[in-house]
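What follows is a set of notes on a single structure, which appears directly below.
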């Protein structure tokens, strides 16, 4: 049985063509994070280390490998937006992750509309069918098991406002698959699309 399992310890390398970690923990929702700096310059960047972490109040978070513009802006202003990445917006999302100078506006780079938010200064992606407006709750630098600082930063934010395209709400229920969200997989460029055909229903035991 042991011969059927590929075993490795991350500290000494995986021995494969591509690190399998991101492929195993996936597909992952994409945090399409919008922010502004103290001078009001816009930034938009996708993060695949993203998820929801609490119901009441709703809290989401993303992790940045390196202290990048998004983290710097959120720490400075205490705010950020999240917009849903969909299949229709996949190419624009991909364009927004280009490594560009801090002064480059990724909204313009990707041909997206910077729609005004109601509760925060950071804009939303106008073309996205769902957006959150968030206020910073915690900024945490990650550490190793030995307590050594890692150059990765976890940003948590409370969702203070939500925008949903009404076409995605049927009989009072938000239809996840109808938005066709995309998720990051593994490998150098694997993504997945959520569709109705993939859905199955399983109620919790009582």
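None of the figures in this text is laboratory data; all of them are computed from the coordinates on show. All figures in this text were calculated on a predicted structure; none of them were measured in a lab. No Cβ is skipped: glycine too gets one built from the backbone with ideal geometry, and neighbour counts run over all protein chains shown.
Remarks
- Check on residue 150, part of a helix (DSSP H, G or I) and touching a strand residue (DSSP E or B) at 6+ places or on another chain (Cβ under 8 Å): no
- When each of 129, 116 is tested for being over 15 Å from residue 46 (Cα atoms) and buried (at least 16 other Cβ atoms within 10 Å of the Cβ), the lone residue that passes is 129.
Yes or no, residue by residue, for (1) exposed (fewer than 10 other Cβ atoms within 10 Å of the Cβ); (2) in contact (Cβ under 8 Å) with a residue 40 or more places away in the chain; (3) in a loop (DSSP other than H, G, I, E, B):
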| residue | (1), (2), (3) |
| --- | --- |
| 146 | yes, no, yes |
| 154 | no, yes, no |
| 167 | no, no, no |
| 188 | yes, yes, yes |
| 192 | no, yes, no |
| 197 | yes, no, no |
| 200 | yes, no, yes |
| 206 | yes, no, yes |
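- Scanning region 169-186 for residues that are farther than 30 Å from residue 63 by Cα and either surrounded by 10 or more Cβ atoms within 10 Å (Cβ to Cβ) or in contact with a strand residue (DSSP E or B) (Cβ under 8 Å, 6 or more places away or on another chain) (or both) turns up just one, 170.
- Here region 89-111 is the region considered, the condition is being exposed (fewer than 14 other Cβ atoms within 10 Å of the Cβ) and out of contact with any helix residue (DSSP H, G or I) (no Cβ under 8 Å at 6 or more places or on another chain), and the residue that is nearest to residue 65 (Cα to Cα) is 99.
- The criterion of at least 3 residues that are within 24 Å of residue 189 (Cα to Cα) and in contact (Cβ under 8 Å) with a residue 60 or more places away in the chain is met, among strands (runs of 3 or more DSSP E) falling completely within region 33-133, by 42-47, 59-65.
- On inspection, residue 17 fails the criterion of being closer than 16 Å to residue 189 by Cα, crowded, with 21+ Cβ neighbours inside 10 Å and without any contact (Cβ under 8 Å) to a residue 60 or more places away in the chain.
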